[in-house]
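Presented below is the structure to which this report refers.
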Amino acid sequence: MPDITVAAVQDALAGVIDPDTNEPVTKAGMVTEVKIEGDQVSFAVDLGTSGSAKRETLGGAFRKAIAALGAKSVEIHWSGELGGREVAAGDPMPGVKNIVLVMSGKGGVGKSTCATNLTLALKRAGHRVGLLDADIYGPSIPTMLGVMGRPVSSDGKTIDPLERFGVKLMSIGFLLEDPKQAVIWRGPMLHGALQQFLNDVNWGELDFLLLDLPPGTGDVALTLSQRAKVTGAVIVTTPQTVATDDVFKSVSMCQKVNIPLLGVVENMSFFIDSAGVRHELFGKGGGQAVAEFAGAPLLGQVPIDQTVREWGDKGTPVVQAMPASSVSQAFVQIAERLVDVIAARTAEAGPVIDRSGGVGKKRLPITK
């Protein structure tokens, strides 16, 4: 296979057509900053002001074109206008465009793994991202991101989140003297901690703040739905019935409290053995069934892969550690589809008033 050159990449991308203009993406100067390191290719894509509800379509076309050159890894840095939630007066996080709840009615489905890797996929795509570990009783984010520091306050009024890989982070795990220490709190103390994470943490300007919620349909999701205008929820499930039976309840709760459902992620969908044979260890169709019940798209299926567990235990999510791997690319494509869903809903909603005191922008309403 010949060496990959910038000219070859540009020629390959010239064959990709912008669905809005029906012209090659290179003609409008949409693609810039082409970089090549061996068999790894990266470039930036500016979607301009036409919205970003075409990342999945263009992303797939870009990867196919560059893969034909022999590239093993393609990393795309997206930019352009990004819609978001409606920000009302008194909103605790007016600088956060989108608040996305990552949740599941069932424990053990890999929700925190999905939340961390989805966060890193969004960050690597060029977005400003934060991750809030809202699982007060079982915080996983400190381990999965290899962070055990203590938050400080620069102004004496707000808490500065910790950072790793350019992602702003907050977790109750950062505040415990002993990581093995149990948090034994009743509801009011839990609510107080969540409100402090929302009101008193200096999240700054973010495109996305992902909240890793505990399993179940209890106090945490209810508190968040009442305290902040959320863009919506991503539901994580595994294929088998014993998981989906509980996940259906989580979907039902979102519908009752008017949390928009952005999509479903089916984790641990299948396993590919050394001979390339696909095994559906936990059955199949569960994620699609949840998506149909939710009236939301199936954002993607994540395979069982040992490297996900290994890198998570080491404190570096697999999307960051092995971005070219097939499982990392599954998370990347889920992230692109999620942004597409948000952008499409924003476009449908049209411009509304930003009541936080800022300039009016296109915002995503939280109620139908």
(message) Once neighbouring chains are kept in place and the probe is 1.4 Å, which whole percent of the accessible area of the range 192-312 is contributed by carbon and sulfur?
(response) 49 percent
(message) Once ligands and nucleic acids are excluded and a 1.4 Å probe is used, how much of S252 is accessible, expressed in Å² to the nearest 10?
(response) 30 Å²
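Compute the Cα gyration tensor for the range 61-150, then decide on rounded, prolate or oblate, letting a ≥ b ≥ c be the square roots of its eigenvalues: rounded whenever a/c is under 1.5, prolate when a/b is larger than b/c in the other cases, and oblate in all that remain. Display every interim value, and only then the final one.
Values: a/c = 2.21, a/b = 1.34, b/c = 1.65.
Since a/c reaches 1.5 but b/c is at least a/b, the shape of the range 61-150 is classed as oblate.
What accessible area per residue, rounded to a whole number of Å², is obtained for the range 196-353 using a probe radius of 1.4 Å?
Numbers: 6430 Å² over 158 residues.
Value for the range 196-353: 41 Å² per residue.
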(message) Taking all protein chains in place and a 1.4 Å probe, what share, in percent, of the accessible surface of the range 53-143 do carbon and sulfur account for?
(response) 51 percent
(message) Let's test the formula: R0 of 41 Å, r as the Cβ-Cβ distance of R309 and D3. What FRET efficiency results, to the nearest 0.05?
(response) 0.70
(request) Could you state the accessible area per residue of the range 102-148 in Å², with a 1.4 Å probe and every protein chain left in place? (result) 25 Å²
(request) With a Förster radius of 51 Å, plug the Cβ-Cβ distance of I272 and Q226 into 1/(1 + (r/R0)^6) and report the FRET value to the nearest 0.05. (result) 0.75
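The values are calculated or read from the model by the stated rules, or taken from the named source; none is laboratory data. Source: prediction; values computed, not measured. As a convention, Cβ positions derive from the backbone with ideal geometry for all residues, glycine included, and neighbour counts pool all protein chains shown. Side chains are part of the model used for accessible areas, which takes the heavy atoms of the whole protein and leaves out ligands, DNA and RNA. Shrake-Rupley method; radii C 1.70, N 1.55, O 1.52, S 1.80 Å.
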